[in-house]
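K.L.:
Take a look at the following structure, please.
Please treat every number below as a calculation from the coordinates, not as lab data. If you're wondering where the values come from, they're calculated on a predicted model, not measured in any experiment. Quick reminder, even Gly has a Cβ in these numbers, built from the backbone with ideal geometry, and neighbours come from all protein chains shown.
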Protein chains: 2
Amino acid sequence: MNFTTHLTTNNIKPSIQRIKIFEYLYNNKIHPTVDTIYTGLVNEIPTLSKTTVYNTLKLFVDNKIATTVTIEDNEVRYDAFLEEHAHFKCDDCGGIYDVEIAIKELKYKELSDFRVDKTNIYLNGKCKKCLTK
Amino acid sequence: MNFTTHLTTNNIKPSIQRIKIFEYLYNNKIHPTVDTIYTGLVNEIPTLSKTTVYNTLKLFVDNKIATTVTIEDNEVRYDAFLEEHAHFKCDDCGGIYDVEIAIKELKYKELSDFRVDKTNIYLNGKCKKCLTK
DNA sequence: GTATCTGCAAAACATTTGCAATTCT
DNA sequence: AGAATTGCAAATGTTTTGCAGATAC
C-alpha cells in the first residue's frame with residue numbers, strides 16, 4: 001500500500017502529517033482514539049498537535065477512507081479497515097476486536113421509510129481471555 | 001404501566017426524580033440525551049439537577065430497565081424500549097428512529113473467542129422526509 | 001503571493017467527583 | 001438518628017474554534 005498515492009487518489013493532498021496518520025491507522029488496527037494516535041506519532045513528528053489529528057481524521061472520514069467506531073460511550077475511535085465487519089468489545093478488559101461476518105441476513109419492517117447507507121454492528125460481552133481468568 | 005411499581009420490581013427505590021425520569025423516557029421514545037431529559041423535566045421539578053439525571057440513568061442502565069444508544073458520536077442517548085430493535089439515524093435531519101427487525105440471521109467467524117451478551121445494530125442514511133425534500 | 005495547512009491557546013461541551021444539604025424511614 | 005438520595009460547584013476529559021505562523025504551489 002502506497003499511502004501517498006492512496007491519499008491523492010481520494011482527493012486528499014498528502015502532507016507529512018496526513019501520510020503518517022493514515023499509515024498509523026492502517027498499520028495499527030486497534031481502533032485507536034485521537035489520543036492514542038497523537039501519542040503514537042508525536043515522537044516521530046515532535047511538532048504534531050492534537051488539533052491536526054482531529055482535522056485530519058475528520059478529512060479522512062469525509063473522504064471515506066476511514067470510519068468512526070462508537071462502540072464505547074464518550075470516546076470516538078477510528079478504523080481504516082473498510083470491509084464490512086462487526087466490532088466486539090469486551091466489557092471486562094475493554095479490548096475492541098474486529099469480527100468477520102460470515103452470514104448477514106438482516107431484514108427490517110418499515111424500511112420503505114429510509115434509505116440505509118451504512119450498517120454498524122456492535123457486539124458486547126466477554127473475550128476468551130477474560131472468560132477463563 | 002405503573003412506574004412506581006416498575007421501579008420497585010427492579011430494586012430501585014422510587015423517588016419523585018426517578019419516577020419522573022423513567023416516565024419521561026417511557027413516554028418520549030425519542031432517544032433523549034441527558035440534556036433533553038433535564039430540560040423536559042426542570043419545569044415540573046424546579047430543583048432537578050443534571051447530576052441527578054446522570055445518576056438516575058446510570059442506575060436504570062445498571063438495573064437493565066434502560067439502555068444507552070451511542071449511534072451519535074460524543075453524545076449518549078437513552079432508551080426505555082427494551083425489545084430487540086435496530087436504530088436508524090438520518091444523517092440529514094439528525095432524527096433517530098426505532099426499526100423493527102423482521103429477520104435477523106447474523107453469523108460470525110472467530111466467534112468461539114467471545115461470549116456475546118448484547119448486539120447493537122445502528123443504521124445510517126436518509127429518512128423519507130429528507131429524501132423527498 | 002495567494003491558498004492551504006498546521007498548531008497553539010482558549011472556549012465549549014459532556015460527564016464525573018466531592019461533599020454538604022435534604023429527604024425518607 | 002441513620003441511611004440513602006439529591007444537587008451544587010468544581011474538576012476532568014474530549015472536541016471545537018479562532019487565529020497567527022508556517023508551508024506549499
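K.L.:
Determine one quarter of the surface area of the Cα convex hull of chain B, which equals its mean projected area, and express it in nm² to one decimal.
P.N.:
Dividing the Cα hull surface by four gives the mean projection, 10.8 nm².
K.L.:
Once you keep just the Cα pairs under 8 angstrom separated by 6 or more residues, what percentage relative contact order results for chain A?
P.N.:
20
K.L.:
Taking chain A as a Gaussian network, where each spring joins two C-alpha atoms under 10 Å apart, which residue of A:I16, A:I103, A:I121 fluctuates the most?
P.N.:
A:I103
K.L.:
Rounded to two decimals, what ratio of Rg to Rh does the range A:42-97 give with C-alpha atoms and a Kirkwood Rh? Intermediate values should be presented prior to the final figure.
P.N.:
Numbers: Rg = 13.4 Å, Rh = 13.1 Å.
Rg/Rh: 1.03.
K.L.:
Starting from the range A:50-133, pick out the chymotrypsin sites (Phe, Trp or Tyr not before Pro) whose DSSP state is loop and whose Cβ has at most 16 other Cβ atoms within 10 Å. Before the final figure, lay out each step's value.
P.N.:
Working: sites: A:Y54, A:F60, A:Y78, A:F81, A:F88, A:Y97, A:Y108, A:F114, A:Y122; in loops: A:F81.
Within the range A:50-133, the qualifying chymotrypsin sites (Phe, Trp or Tyr not before Pro) (loop, at most 16 other Cβ atoms within 10 Å) are A:F81.
K.L.:
Report, please, the projected area of the range A:1-62 averaged over directions, based on the convex hull of its C-alpha atoms, in nm².
P.N.:
Averaging across all directions leaves 3.9 nm² for the Cα convex hull.
K.L.:
Counting each DSSP H run of 4 or more residues in chain A as -39500 (n - 2.57), what helix-only mean residue ellipticity at 222 nm follows after dividing by all residues, to the nearest 500 deg cm²/dmol?
P.N.:
My calculation for chain A gives -9500 deg cm²/dmol from helical runs alone.
K.L.:
Another question, if that's okay. How far, in nm to one decimal, is B:K128 from itself in the other copies if the label point is set 7 angstrom along Cα toward Cβ? Shortest first, please.
P.N.:
Counterpart label points of B:K128 in the remaining copies fall at 4.7 nm.
K.L.:
Could I ask something else about it? Measure of size requested: the Rg and Dmax of the protein assembly as shown, with Cα atoms as the atom set and Å as the unit; please supply both.
P.N.:
20.8, 63
K.L.:
Which lysines does A:K107 reach when only Cα atoms under 19 Å apart count, and residues fewer than 8 places away in its own chain are ignored?
P.N.:
By straight Cα distance, A:K107 reaches A:K118, B:K89, B:K104, B:K107, B:K118, B:K126, B:K128.
K.L.:
Among the DSSP beta bridges whose two residues both lie in chain A, what percent are antiparallel, rounded to the nearest 5?
P.N.:
So the antiparallel bridges in chain A amount to around 70 percent.
K.L.:
Okay, next question. In a GNM of chain B with a 10 Å cut-off on Cα contacts, which of B:K20, B:K109, B:K89 has the highest mean-square fluctuation?
P.N.:
The residue with the greatest mean-square fluctuation here is B:K109.
K.L.:
Hey, another quick one. Note the distances from B:N43 to each other copy's matching label point, with points 7 Å along the Cα-to-beta-carbon direction, in nm, sorted shortest first.
P.N.:
Spelled out, the distances from B:N43's label point are 5.8 nm.
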